[in-house]
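A short worksheet on the structure shown next.
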Amino acid sequence: MSMDIIGKRGEALFRVAITKWCSGEQWFEETFKGEKAEGLDFEVTLLGSSVFHASFYVQVKATAKPNPYSGIGKRRKIRVRLKAADALKLGTMKVPVYVVAIDALSAKAYIKNVKAGVTRGFTGISTRRPLNCQAIRQLWNEVEVFWKSRPQGLTTSVF
């Protein structure tokens, strides 16, 4: 199977995962950035946020390897790679950024934050971080708090 086919399936599965209805409602709306934004596949906006246009970015990493996992128990990971150069680029962004690993065979999704200032990539995402309803609520709250704590533009002026 070509990487393009796997990538497209990964993007479709991410859309399903991030727009999952939890507690009777949808928490996010996604916009595909793809070719327009190198390294950033989606911009995801919080629905019902108290902050105008509170959003974050996601890079989707899909795999269709016959054995996409390594490790056991707490150390179990889905093997997807974020190159150091990409980590560096994502780490310089001033907004929250996450990588979502998609197992294209089982349709499972896992999420990992790319911390500001990071300089190293990684070779896997813990399977203890599934993109389920618990994660969706935590993610919404994390991004809401981030945007609420940011200076909200010019508050005083001499003009």
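In the range 64-109, of all residues being of a type in the set (K, R) and not in a loop (DSSP other than H, G, I, E, B), the one that is farthest from S2 (Cα to Cα) corresponds to K74.
I need the full set of residues from the range 56-88 which are open to solvent by 40 Å² or more (accessible area, probe 1.4 Å), over 17 Å from T127 (Cα atoms) and under 15 Å from the mean Cα position of the chain (by Cα), in order please. Selection gives Y57 alone. Pairs meeting the criteria (first residue in the range 1-18 and free of Cβ contacts under 8 Å to residues at least 60 places away in the same chain, second residue open to solvent by less than 30 Å² (accessible area, probe 1.4 Å) and assigned to a helix (DSSP H, G or I), beta carbons under 9 Å, at least 6 apart or on different chains) are E11/G34.
Considered as a group, the residues in the range 2-30 that are among the β-branched types (V, I, T) and more than 12 Å from the chain's Cα centre (by Cα) include one that is farthest from A64 (Cα to Cα), and that residue is T19.
For the range 22-55, a residue qualifies if it is open to solvent by less than 30 Å² (accessible area, probe 1.4 Å), assigned to a strand (DSSP E or B) and not β-branched (V, I, T), and the qualifying residues are C22, F28, F42, E43, L46, S55.
For (1) modelled with pLDDT of 95 or more; (2) among the charged types (D, E, K, R), each residue gets a yes or a no:
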residue	(1), (2)
A84	no, no
G91	no, no
P96	no, no
D103	yes, yes
I111	yes, no
A116	no, no
R129	yes, yes
Q134	yes, no
R150	no, yes
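For the range 110-137, the candidate set comprises residues that are part of a loop (DSSP other than H, G, I, E, B) and of a type in the set (G, A, S); within that set, the residue that is surrounded by the most Cβ atoms within 10 Å (Cβ to Cβ) is G124.
Determine whether the range 37-58 contains at least one residue that is touching a Leu at 6+ places or on another chain (Cβ under 6 Å) and aromatic (F, W, Y). Yes; the residues of the range 37-58 include at least one that is touching a Leu at 6+ places or on another chain (Cβ under 6 Å) and aromatic (F, W, Y).
Within the range 2-21, the residues that satisfy the criterion of being in contact with a Phe, Trp or Tyr (Cβ under 9 Å, 6 or more places away or on another chain) and either part of a helix (DSSP H, G or I) or open to solvent by less than 100 Å² (accessible area, probe 1.4 Å) (or both) are E11, F14, R15, I18, T19, K20.
The values are calculated or read from the model by the stated rules, or taken from the named source; none is laboratory data. In this text the structure is predicted, and so the values were computed from the model without any measurement. Counting neighbours? That spans all protein chains shown, and the Cβs are built from the backbone with ideal geometry, glycine included. Remember, those area values only see protein heavy atoms, side chains included, never the ligands or the DNA or RNA. Shrake-Rupley method; radii C 1.70, N 1.55, O 1.52, S 1.80 Å.
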